[in-house]
1. With all protein chains present and a 1.4 Å probe, how do Thr60, Thr31 order by accessible area, largest first?
2. Using +1 at the C-beta of Lys and Arg and -1 at the C-beta of Asp and Glu, which of Val16, Cys52, Leu1 has the Cα lying farthest in the positive direction of the dipole of the chain?
3. In what order, largest first, do Ser26, Ser39 sit by accessible area if the probe radius is 1.4 Å?
4. Rounding to the nearest 10 and keeping the result within 0 to 90°, find how far the Cα-based axis of helix 71-82 lies from the longest principal axis of the chain.
5. Express the carbon and sulfur contribution to the solvent-accessible surface of the chain as a percent, rounded to the nearest whole number, probe 1.4 angstrom.
6. Not counting ligands, DNA or RNA, and with a 1.4 Å probe, what is Thr89's accessible surface area in Å² rounded to the nearest 10?
7. For the chain, what is the calculated [θ] at 222 nm in deg cm²/dmol (nearest 500), taking -39500 (n - 2.57) for each run of four or more DSSP H residues and dividing by its residue count?
8. Suppose all protein chains stay in the model; what accessible area per residue would a 1.4 Å probe give for region 6-89, in Å²?
Amino acid sequence: LKFIFGSSAVPALDLVDQRSVTRVRSPSGRTAYQVLGSSGKLYTCYSSCHFCTCPAFGFTVLQKSESLLCKHILAVYLSQAMGACQELTVSEEQLTSILLAEEEDEG
């Protein structure tokens, strides 16, 4: 994994081991993932469009194109493959609030 994903591999595995990945699902089937980062901050990841709200994703992946993903997205993919995601079902309104809260943090 480290050969393919570089320096994100070990921290991502640590996040999986700590069960830091939660799949948030609404009754309509919409899903997002929340990952409790090593700093204690909660990041929202979207596996369907390969995006994370963390600063490292914005800088390393989007701006500098130095990496394909951050440790949070890799942790989501590994958790999915291993069946290690926490599960949380929320209402449509709660999921919308989660998504909007991330947008407000960025703006």
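1. The residues order as Thr31, Thr60, largest area first.
2. Going by the charge dipole, the pick is Leu1.
3. Largest accessible area first, the list is Ser39, Ser26.
4. 70 degrees
5. Exposed carbon and sulfur together represent 56 percent of the surface.
6. The accessible area of Thr89 comes to roughly 110 Å².
7. -11000 deg cm²/dmol
8. On a per-residue basis, region 6-89 sits at 52 Å².
The values are calculated or read from the model by the stated rules, or taken from the named source; none is laboratory data. A quick note: this is a predicted structure, and the numbers were derived from the prediction, not measured. Every residue, glycine as well, gets a Cβ built from its backbone with ideal geometry; the counts of neighbours run over all protein chains shown. The area values use the complete protein model at the heavy-atom level, side chains included, leaving out ligands, DNA and RNA. Shrake-Rupley method; radii C 1.70, N 1.55, O 1.52, S 1.80 Å.
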